[in-house]
Amino acid sequence: MALSLSVTLLSGSSVHLSLSPTSTVDELRQEAQRGLGCHLSHLIDGSGNCLPGGLQIELAGLVDGDTVGAIVRHAELSSTHTAFALLRCDGSVVTWGSAYQGGDSVAFQSKLKDVTNIYSSDYAFAAVRGDGSVVTWGNPGAGGDSSSVQGVLKNVRHIQASSHAFAATLADGSVVTWGNGRCGGDSSSVQGKLVGVQRIWASKLAFAALTSESLVTWGSFDAGGDCSAAAAELAQGVRQVAASELAFGAVLLDGSVVTWGDSDYGGDSSAVRHQLQSVRELRASQGAFAALRSDGSVVTWGKESYGAHSGTVQEQLKDVLDVQASESAFAAILADGSVVAWGNERAGGNCSSVQHLLVDTQELCASLGAFAARRRDGSVVSWGNALFGGDSSAVQASLRDVRRLHASGHAFAAMREDGSVVTWGNAAYGGDSGAVKSALRSVA
Ligand SMILES: *[C@@H]1O[C@H](CO)[C@@H](O)[C@H](O)[C@H]1NC(C)=O
């Protein structure tokens with residue numbers, strides 16, 4: 001007997017459908033798209049969980065008369081170090097930048113349909129489609145080649161990436177990994193523990209997965225792949241994890257922080273432990289950490305040359321709303337809309353040359369060597385190393401009505417209110433989007 005279901009948007013519009021219980025969630029989504037006349041990225045159940053596309057609707061727990069929520073798909077940018085990918089509202093994908101590292105997806109266009117999410121390692125992309133399958137492209141050694149695991153990459157719910165590997169969480173809570181083994185692409189040693197996985201985080205060389213039982217890590221041992229020294233504290237419960245190149249930091253449920261991995265890269269936070277309370281958010285450059293506390297203050301530690309000491313600006317770091325990190329510097333938005341930066345000057349750690357322009361800041365975004373700030377009026381200010389997007393003067397006239405900023409390692413992309421995209425920075429690594437110009441204009 002057919003199931004009668006309603007699919008509802010946040011806006012309140014809804015459509016009533018009748019489907020066979022053996023139809024998949026993905027088929028339900030496609031029917032709802034037609035009925036609602038808009039593109040939907042996911043369906044969500046009453047508890048707010050995404051329903052896996054490949055599951056039959058009865059196995060997904062839907063019963064006759066149920067109402068399912070739907071999320072409208074918006075265009076979204078993602079990036080490797082040297083290329084960008086734009087997921088368009090219709091589920092198609094446009095790429096540009098370094099051809100070998102994800103910028104060229106021509107050979108995959110026939111597969112890049114109905115994409116719901118795009119994830120990236122430093123040099124490859126992985127796209128999840130509505131049916132829960134995965135398409136990868138880019139540098140094969142950085143996870144761009146997933147052929148060895150394609151058979152088990154089904155019902156993928158989420159993907160996390162280290163520098164050269166991917167880890168996919170499946171609907172049943174298990175994990176599939178691929179890519180460079182030294183960067184966590186090989187999880188065979190912990191496969192038995194990867195059950196009921198709720199979230200996965202990554203450093204450059206290792207992964208950490210939160211299961212219902214514990215935090216499980218794998219990858220390079222000396223780069224955070226071994227968390228046994230922190231295991232007791234981690235068992236209290238983890239709220240958020242951030243990673244430098246070789247170390248992890250985790251915010252626990254009580255707002256304290258525990259770190260592990262290479263001590264030079266922030267793995268040792270003992271010097272500031274007493275200050276690491278009521279932490280709201282943790283950010284990491286490649287060698288240092290910055291903890292944003294709920295009172296708006298910031299605590300830093302790790303490698304000095306990577307922003308571990310906020311030194312002269314420490315006194316200004318009050319009422320901080322957000323912190324972002326380049327490879328070796330940090331920048332913070334303050335409650336009054338101004339910006340404070342510190343760390344390696346060649347990576348954006350000194351914003352004094354544009355300080356007078358940094359007003360009404362609403363969003364900060366970092367490449368490896370520069371920062372860009374979006375102001376309330378939709379304009380953008382950038383600073384730092386010009387080879388990494390620190391100079392946006394060539395496109396300044398187009399940087400109007402910007403809605404979101406996104407960075408690759410070496411360039412920036414700004415999405416405007418009308419859905420068009422403006423790029424700047426290293427031309428070979430995504431800063432020049434001329435080759436896909438027309439595709440980037442017709443996003444909406
Ligand atoms: C930042 O750069 C300015 C010049 O633009 C310089 O005068 C100042 O000393 C620098 N600040 C630091 C902390 O190095």
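See the values below:
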{"read-out": "Gaussian network model of the chain, springs between alpha carbon atoms under 10 Å - residue of A288, A142, A107 with greatest fluctuation", "value": "A107"}
{"read-out": "Percent carbon-and-sulfur accessible area, region 310-444, ignoring ligands, DNA and RNA, probe 1.4 Å", "value": "47"}
{"read-out": "GNM top mover of V15, V422, V298 - the chain, alpha-carbon springs below 10 Å", "value": "V15"}
{"read-out": "Mean separation of Cα contacts under 8 Å (6+ apart) over length of region 244-379, as relative contact order %", "value": "15"}
{"read-out": "With all protein chains modelled, accessible area of E345 [1.4 Å, Å²]", "value": "120"}
{"read-out": "Accessible area per residue, Å², region 192-316 with all protein chains present, probe 1.4 Å", "value": "42"}
{"read-out": "Helix 25-36 axis, angle to the chain major axis (alpha carbon atoms, nearest 10°)", "value": "90"}
{"read-out": "DSSP bridge orientation in the chain - percent antiparallel, rounded to nearest 5", "value": "95"}
{"read-out": "Accessible-area composition of region 78-226, carbon plus sulfur, in percent [1.4 Å probe]", "value": "49"}
{"read-out": "Rg [Å, one decimal], Dmax [Å, integer] - region 310-444, C-alpha atoms", "value": "14.2, 47"}
{"read-out": "Two-site FRET efficiency, D64 against S13, from Cβ-Cβ distance with R₀ of 25 Å, rounded to 0.05", "value": "0.70"}
{"read-out": "Residue among F221, G302, G434 farthest towards the positive dipole end of the chain, charges placed on Cβ", "value": "G434"}
{"read-out": "Inter-site label distance for M1 and E304 at 7 Å from Cα along Cβ, in nm", "value": "7.5"}
{"read-out": "Contour minus Cα-Cα distance for D172 and S148 (0.36 nm per residue)", "value": "6.6 nm"}
{"read-out": "Between region 35-60 and region 125-182, the alpha-carbon center distance in angstrom", "value": "21"}
{"read-out": "Entries of K113/K204; K154/K437; K204/K303; K204/K437 with Cα pairs more than 27 Å apart", "value": "K113/K204; K154/K437; K204/K437"}
{"read-out": "q = 0.08 Å⁻¹: log10 I(q)/I(0) that the Debye formula gives for the chain, counting C-alpha atoms only", "value": "-0.46"}
{"read-out": "Relative contact order (%) - criterion: Cα under 8 Å, at least six apart; region: region 310-444", "value": "15"}
{"read-out": "Coarse-grained scattering of region 202-301 at q = 0.20, 0.22 Å⁻¹, given as base-10 log I(q)/I(0) from a Debye sum over alpha-carbon atoms", "value": "-0.89, -1.08"}
{"read-out": "Residue-averaged [θ]222 nm for the chain, counting only DSSP H segments that reach four residues, each worth -39500 (n - 2.57)", "value": "-1000 deg cm²/dmol"}
{"read-out": "Cα-projected label distance for V106 with R376, points at 7 Å along beta-carbon direction, nm", "value": "4.7"}
{"read-out": "Highest-MSF residue in the chain out of G431, G102, G192 [GNM, Cα springs under 10 Å]", "value": "G192"}
{"read-out": "Net length gained if the chain between S92 and R400 were fully extended (0.36 nm per residue, minus Cα distance)", "value": "108.3 nm"}
{"read-out": "Projected-area mean, region 3-72, by convex hull of Cα positions, square nanometres", "value": "3.8"}
{"read-out": "Lys/Arg +1, Asp/Glu -1 at C-beta; region 3-72 dipole; positive extreme among L9, G69, I57", "value": "L9"}
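The values are calculated or read from the model by the stated rules, or taken from the named source; none is laboratory data. Owing to the predicted nature of the structure, the values given are computational and were not obtained by experimental measurement. Quick reminder, even Gly has a Cβ in these numbers, built from the backbone with ideal geometry, and neighbours come from all protein chains shown. These accessible areas exclude ligands, DNA and RNA; they are computed on the full protein's heavy atoms, side chains included. Shrake-Rupley method; radii C 1.70, N 1.55, O 1.52, S 1.80 Å.
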